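To keep things clear, I will list the structure first and then write my remarks on it.
Quick note: the coordinates plus some simple rules give every number you see, no bench work behind them. The shown structure was predicted, so the numbers you read here are calculated from the model rather than taken from an experiment. When we count neighbours, we look across all protein chains shown, and the Cβ atoms used for this are built from the backbone with ideal geometry, even at glycine.
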Amino acid sequence: MTMLTVYKQLLRLYPAAYREQFGEEMLSVFLDLSADNAKKKPFTRTVFAFREIAGLVRGAVGERLRIVPGRESEFSISTRSFTMRNGFRFPKTTAVLMTIILAGVVVAIKRGEEIAASLPHSNPQIGPIQPVHSTLLPPIVLLSVTFYAAGFIGWAILFALRRSGVHRLETSGDSK
Amino acid sequence: MSEPVLFILLGLAGQPQHGYSILKDVERMSDGRVVLSTGTLYGALRRLLDDDWIERFEEEETSRGRQAYRLTPAGRCNLQAEIDRMKRLTRLATLRVAAKER
C-alpha cells in the first residue's frame, strides 16, 4: 500500500462537505510535498509520512467533533501554545444516559424480585429464594447520586473559572 | 492565536499564496522549526475562512487553476492587533528582565 493510497483513505475520515471543499487541494499539495521528499533520506521520508498521517487523523477528528450538534467550542489540539476553548457546557447527554441506565437497573432488579417471588418453594429446608439483587439497590442509588454530585461540582468549578480569569483572558485579546 | 496560525497569516500578509507555498513559507519563516502537515494547514485555513480573516480565490495565472488564499481587511486588522500586542509584551518583558539584571 503506497502512501498516496493511505492518504486517500484517511481523507475519507473527514466530513463530506470538508472533502468537497478541500479534498482535491489537500491531495494536490500532498503530491507536491511527496515529490519534494522523494529524493530525501529514508528517515526524513518516514517523518514526513508520520506527520501527514497524524495531521490527517487529528484534523478529521477535529472536523467531526466540530459538526456535532450543540457543540460550541472548537476542537483544538496545539502543541506549541496554550489554546483556550471558547466555552463549556455540561454534557446533558451524559445525565440523560446515566438516568436511563439507572432506570434500567432498577427495572431489572424489580423484575428479578417478581420472578423470585413467583417461583414455587418446593424444598422447605432451603427456604424461599430471596432476591440477592435487592441488596445492590441502595449502593447503586448512592453511587449514582455521588456521580451526579461530582459532575455538578466539576461543572460549577469550570463555570466559575470561565466567569473569572480564564474567561476574561479569552475575551480580552484577539486570541482565536 | 497559535504560532502556526500567526505564521500562516504572516505568510499571506505579503501576497496571496496557495497551500503548498504557504507550507513552504511557514517553514522558511520559522527556520524549519514549524513544519505543518496538510491536515493541520487546511484545518487552520478552514477556521480562518469561517471567521472571514482570509478569503479563497482561483489563481488565474497558473495553468492548474489552483485555489489561493489572501488576507481580508478584517484579517489584516486582526493580524496588526496581534503584532501590536506582541510588541507591547516584548517591550514589557525587556523592561522587566533589564530591571532584574541591574
### Residue list for region A:15-30, restricted to those being more than 9 Å from chain B (Cβ to nearest Cβ) and either closer than 16 Å to B:I22 by Cβ or not in a helix (DSSP H, G or I) (or both)
A:P15
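Hey, could you check region B:1-57 for residues that are part of a strand (DSSP E or B) and among the charged types (D, E, K, R) and say which is farthest from the other protein chains (Cβ to nearest Cβ)?
If we filter region B:1-57 for residues that are part of a strand (DSSP E or B), which is where we start, we get B:17-18, B:54-57.
Subset that is among the charged types (D, E, K, R): B:55-56.
Numbers: B:E55: 13, B:R56: 9 Å.
Per the stated criteria, the residue is B:E55.
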### Query
Among (1) free of Cβ contacts under 8 Å to residues at least 60 places away in the same chain; (2) touching a Phe, Trp or Tyr at 6+ places or on another chain (Cβ under 7 Å), which single condition is B:L12 missing?
(1)
### Query
Of the numbered conditions (1) loosely packed, with under 15 Cβ neighbours inside 10 Å; (2) facing chain A (nearest Cβ under 10 Å); (3) more than 30 Å from A:V47 (Cα to Cα), B:L79 satisfies every one except a single condition; which is it?
(1)
